[in-house]
Structures are given as structure tokens and as C-alpha cells.
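Notes follow once the structure below has been shown.
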Amino acid sequence: MPKALPSPQMLSELNPDAIPRHVALIMDGNGRWASERHQPRLFGHKKGVEALKKAINYALKANIPFLSAWAFSTANWKRPKSEVSGLMTILRHTLEKDIDEFHEKGICLRVIGFLNDLDKNLQKIIQNAQERTKNNSALTLIIHFNYDGRKDMVQAVQKLSEKVKSGEILSESITEDMISQNTLMAEFTDPELLIRTSGVVRLSNYMMWQCAFTELVFIEKNWPDFTEEDFHGALLKFQKTARNFGQVST
Ligand code: IPE
Ligand code: IPE
Ligand code: MG
């Protein structure tokens, strides 16, 4: 993992009482980054892993307890076969080779998405990585893989309607919390800050339910160029923004 860490001076700019509990990253622009360098798209995805490690280092130093990173959406299956299989290989390598480093750093690794649709061997590797790091508490790294926000909502609705059908609950007693508790992100709190790189300004079906009140920061740089300074800048921006939740700013 890269050694460069945010300087103590950088960290002292942060308000320690307003560190977000959960930050989400839409790691976008790997393909464009590679194309600009006349390289295959997979070259950009590989560089993207290095950028994620920088983001992890920053999250550890800034005491952010939960970091989500979107690595593969259900829509990404529509990409050329070679790119899809390359992305699967990158996840496998990361979970097999980088896991020691993650473990040493106290990272609890979670992979969230529709995992049953993945190759059985990859599912086993995910299970092993989660099992190995499950007692770590410095940072929970949530890798969203084969994730789809709407599909997650549909599943939550299906689970709740089953409960209505069986008489376990009444439809009129369904609450927001019950919906949250039936999504793939049930055990995690909602992200307070979301960062998307590459200048694209949209959620692309990422955690729409969970991001209702999330501060969205869009960065022009492509993901492989994302640095700890960029993360720091987004965090400072977050700390300067009043979060009103519909109320009048104090
Ligand atoms: C984000 O980079 C990573 C994945 C979606 C897997 P892209 O691959 O979307 O890169 P661009 O947006 O085409 O440049
Ligand atoms: C979102 O990026 C998915 C990931 C970062 C994994 P995309 O590049 O797939 O999203 P669109 O196609 O620009 O909406
Ligand atoms: Mg993209």
C-alpha cells in the first residue's frame, strides 16, 4: 500500500467532531483515464485499485469508520466480455493478494451486492476475505460489487410484502426504517458524504435510498488520479456545508 499519508497539518484542518461516519466513493473514469494514455481500459481499472488504497489510507488517518467503494454495477455486465472478466480478476487479486495488508491495517472487509450471480469460486474468495477480517475495527471497507440500488429496493419491497402476506406485519405499519432494514445496506448507517470522480454528475443507481440526505461532491479528475488531498478537500467541503435536513439553518 502506498506510504504517502496525509500530513498532520492537513489532518489538523479537520474538525474532529464532524468526521462523517460513512463516506461513499463512485470510482468513475478509469476507462477515460486509460484511453487518454492510449492504454487498454483494464490498465485504468488496475490503476484504480491504487487510487482506492490511497483513499483507504486517508480514511484510516481521518478516522472515518466506514468507507464504501463502488467497483461493479449490475449494468456493467453490458460491457465487453474481456473488460467484465478483467474486473472480476481485479477483485479476485485484490481479495487474495492485498488482503494481508488490509488485515494488518485493521480493515474489516465487506463485499455488498448480488453476489449469488458471481462465479462460485469468486464467491468463496469473498467469503474467505470477509471471514479473515471480520474482527477488525479500524475501518470497515464496503466494496459494492454487482450492486444495483433499484434492484435492492425491489428486493426490500418483496421481502416486506411476504411479511404482509403472512400476516407478520400490516402494510400500513411499514416504516422507512423497515425498508432500510430490508436492503443490502441494512447493517450500515447511511453515508453522510459521497464523492464521484470524472466530472460525471449522477448517482447511476448507487444507494439512492441511503443517499437521500448525503452531501454529494463531484470531482473533475478521473478516479486513477484521485489523491488523499482530493479526499481531504471533499471532507473540508463537507465540514463547511450546513446539513439542514429540511430545517432552517442555525
Ligand atoms: C469506473 O470507471 C469503474 C467501473 C465502472 C468498473 P469506468 O470504467 O466507468 O470509466 P469510464 O467512465 O468509462 O471512463
Ligand atoms: C458507475 O459507473 C459504476 C461504478 C463506478 C462501478 P458507470 O461508469 O458504470 O456509470 P454510468 O454508465 O456513467 O452511469
Ligand atoms: Mg464510467
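Couple of notes before you dig in:
- Were the residues from F213 through S166 laid out at 0.36 nm apart, the gain over their Cα-Cα distance would be 13.6 nm.
- Solvent-accessible area per residue, Å², over the stretch 1-138 with all protein chains present [probe radius 1.4 Å]: 52
- With DNA, RNA and ligands ignored, accessible area of K221 (1.4 Å probe; Å², nearest 10): 80
- Once C-alpha pairs closer than 8 Å and six or more residues apart are averaged by separation and normalised to the residue number of the stretch 111-186, the relative contact order reads 38 percent.
- Separation of the Q9 and V157 label points, Cα + 7 Å toward Cβ, nm: 5.3
- Accessible-area composition of the stretch 85-212, carbon plus sulfur, in percent [1.4 Å probe]: 48
- Residue among R79, R150, R132 with the largest mean-square fluctuation in a Gaussian network model of the chain, springs linking Cα atoms under 10 Å: R79
- Taken about its Cα centre, the stretch 45-156 carries a charge dipole of roughly 200 debye when the Cβ of each Lys and Arg holds +1 and the Cβ of each Asp and Glu holds -1.
- Considering only T197, S249, T214, and ranking their Cα positions along the charge dipole of the stretch 196-250 that arises from unit charges at the beta-carbon of Lys, Arg, Asp and Glu, the one farthest toward the positive end is S249.
- Under 19 Å from the Cα of K47 - lysines, other chains or at least 8 residues apart: K3, K97, K221
- Of the GluC sites (Glu not before Pro) found in the stretch 146-250, those that fall in a DSSP loop while having at most 15 other beta-carbon atoms within 10 Å are E168, E187, E220.
- Dipole moment magnitude, nearest 20 debye, the stretch 110-250 about Cα centre, only Lys, Arg, Asp, Glu C-beta charged: 200
- Filtered chymotrypsin sites (Phe, Trp or Tyr not before Pro), the stretch 190-222: DSSP coil and at most 14 other beta carbons within 10 Å: F213
- Across every pair of non-identical alpha carbons in the chain, the mean reciprocal distance, once inverted, gives a Kirkwood radius of 19.2 Å.
- Among D148, D117, D28, the largest mean-square fluctuation in a Gaussian network model of the chain (Cα springs under 10 Å) belongs to D117.
- Model label sites at R79 and R37, defined 7 Å from Cα along the beta-carbon direction, differ in position by 1.6 nm.
- Residues considered: S173, S85, S198. Largest GNM mean-square fluctuation over the chain, using C-alpha springs under 10 Å, is found at S173.
- Listed residues Q39, V23, L67: farthest to the positive end of the dipole of the stretch 1-137 (Cβ charges): Q39
The values are calculated or read from the model by the stated rules, or taken from the named source; none is laboratory data. Here the structure is a predicted model, which is why all the values come from computation and not from measurement. Every residue, glycine as well, gets a Cβ built from its backbone with ideal geometry; the counts of neighbours run over all protein chains shown. SASA here: full protein model, heavy atoms, side chains in, ligands and nucleic acids out. Shrake-Rupley method; radii C 1.70, N 1.55, O 1.52, S 1.80 Å.
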